[in-house]
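Let me begin by presenting the structure, written as structure tokens, before commenting on it.
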Amino acid sequence: MRRETVCRHVENPRHSRRRFLAGAAAAIASPLIIPASALGRGGQLAPSERITIGMFGVGNRGSSSLGAMFPLPDHQVVAIADCRRDRALLAQERVQNFYAQRLGSESYRGCQIYNDFRDVLARDDIDAIWGCVPDHWHGVTYSRVIEAGKDLYGEKPVTRWIADGIQVRDAVRRYGCVFQTGTQQRSDPKFRHACELARNGYLGRVHTIHVGAPGGRSYPAVPPCDPPAGFDYDMWTGPAPWIPFDSQRCEWLAMYMISHYCAGFITNWGVHHLDIAGWGCPEAFEKPFEIQGTGVLPSEGMTDTWISWEMELQWAGGLKMSYSNSGNPNQQGCKFAGDEGWVHVNRSGIWAEPASLLDVKLAGRDQPLHASPEHGNPYTAHTADFFRSMRTRQDPVSPVEAGHAASTLGNVADIALRLGRKLQWDPGQDRFVGDDEANTMLSRAARSPWTI
């Protein structure tokens, strides 16, 4: 056999797989319609056309993501990484029971579990990663997923620290990754309608955005103890500072209220409605602004993030934003107020004045926003939108730039409160203007070896 001696470029197998999926999408229209010829047994796509998925984290969010994924025909979860073996085993059983039922088999054994996410990234047969790890892990895992040449559905906020988010955002474009931020409200038609009203002039000039998100809470300190069997607490801690294990700090919701792991609901939950604010008024994401406000921290216990807050943001063009925890004073959701009307939207509904705004149909001059495939569940619609983007290689409804911008608004609010003074943020430079102390808070040293 003749030995090849000519030096040539060797194609990354991930890129080849992406092109295959994109080619297979030629017969797939929008909204997602799978041709009958491509469907196999039980409505499942043929194995060669399925999107193969690795799950990172199968706690509350990871479990919900699996449920939202199951109604769709074009996927196969083949790997689960979680440092809690009991959770990984439960998710594995759930996945394998689902595929066995879908395929009409007595059993299915196509999903492996791992303790270390890096072992999943080493597999060449995985197209996409679902990132459902705690916030303090987002920067490390997301950046490594992108560098491994896989597409990514990343839960919000994009990162715990702004500097990490900048690196993730830039890496997505450098590596050609399809990144869907887990801000699934964009896949809910009522949120899209509210933003289309704001962007297309139906409210007149939008002068104020009111954003309300659930507030935080405190948790009492509990004594240290040993981690339960099968829980790799060192891996769970990852890049965060090492603190002795206790029975509460790694659990929902306490971990969201500890700043080592999360900025609190001012960012973690607030990202959802801050994202809608920027979707309806792009200036909120794109232009420099001033921010100041007041907030209340826990007076005792193990948590140290904001229980309540009231922030004021001001842009040079006249746009203002009031951002608070729900009822302090803003109602939960996002409200766009303009010279000729207002619209308020949250997960419970949509309201407007005049009420006729709710019946507006966009005219030819208007610019519609990206619409996810129609599904009754916005989480499923958001997932379907990601799958569609993987096949077309087009941006999904919640691209990384928007996810990072919304995450930054929450993190900037947190920093302004901790410093107790007015700050100026320039999104074009990804920095605070003229404030070295504030800029030192864009990042925090990571515990080795978990650096980006």
Mean separation of Cα contacts under 8 Å, 6 or more apart, over the residue count of the chain: relative contact order %: 20 percent
Residue-wise HN-Hα coupling along region 377-385, computed from phi with Karplus coefficients 6.51, -1.76, 1.60 (Hz; x: Gly, Pro): 9, x, 5, 5, 4, 5, 5, 4, 5
Isotropically averaged projected area of region 213-292, using the convex hull of Cα atoms (one quarter of hull area), nm²: 7.4 nm²
Cα-Cα P(r), region 174-313, percent of pairs per 5 Å interval: 2, 8, 14, 16, 15, 14, 12, 9, 6, 3, 1, 0
FRET E, pair N377, Q112, Förster distance 22 Å, beta-carbon r, rounded to 0.05: 0.20
Among beta bridges that DSSP assigns inside the chain, antiparallel share in %, nearest 5: 60 percent
Built amide H within the under 5 Å cut-off of D127, gap 5+: T52, I53
Förster-model FRET efficiency, 30 Å R0, S348 and R205, C-beta, rounded to 0.05: 0.65
Size-normalised alpha-carbon gyration radius of the chain, reference 2.2 N^0.38 Å: 1.00
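Can you order the peptides 115-127, 381-393 by their average number of other Cβ atoms within 10 Å per residue, highest first?
The most tightly packed comes first, giving 381-393, 115-127.
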Cα extents of region 52-128 along the three principal axes, largest first (Å): 32, 26, 21
Of all accessible heavy-atom area on the chain, the percent that carbon and sulfur account for (1.4 Å): 50 percent
Cα shape, region 254-381, gyration tensor, a/c 1.5 rule: prolate
For V140, net neighbour charge (Lys/Arg +1, Asp/Glu -1) across residues whose Cβ lies under 12 Å away: +1
Rg(Cα) / (2.2 N^0.38 Å) computed for region 362-452, rounded to two decimals: 1.53
Rg and Dmax of region 326-407, Cα atoms only, in Å: 15.6, 44
Principal axis dimensions, region 70-109 - Cα atoms, whole angstrom, descending: 30, 21, 13
Net charge of neighbours whose Cβ lies under 12 Å from the Cβ of Q185, counting Lys and Arg as +1 and Asp and Glu as -1: +3
Over 20 Å between alpha carbons, listed pairs K287/K422; K190/K287; K190/K361; K287/K320; K190/K335: K190/K287
Structure-based [θ]222 nm, the chain - -39500 (n - 2.57) summed over DSSP H runs of at least 4, per residue, nearest 500: -9500 deg cm²/dmol
Label point 7 Å beyond Cα of S105 along Cβ direction - residues of region 52-81 with amide nitrogen under 19 Å: 52-55, 70-80
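The values are calculated or read from the model by the stated rules, or taken from the named source; none is laboratory data. Predicted model only: the values in this text are computed from it and were never measured. Cβ atoms come from the backbone with ideal geometry, glycine included; neighbour counts cover every protein chain shown. When the accessible area is computed, the model is the full protein with side chains, heavy atoms only, and any ligands, DNA or RNA have been set aside. Shrake-Rupley method; radii C 1.70, N 1.55, O 1.52, S 1.80 Å.
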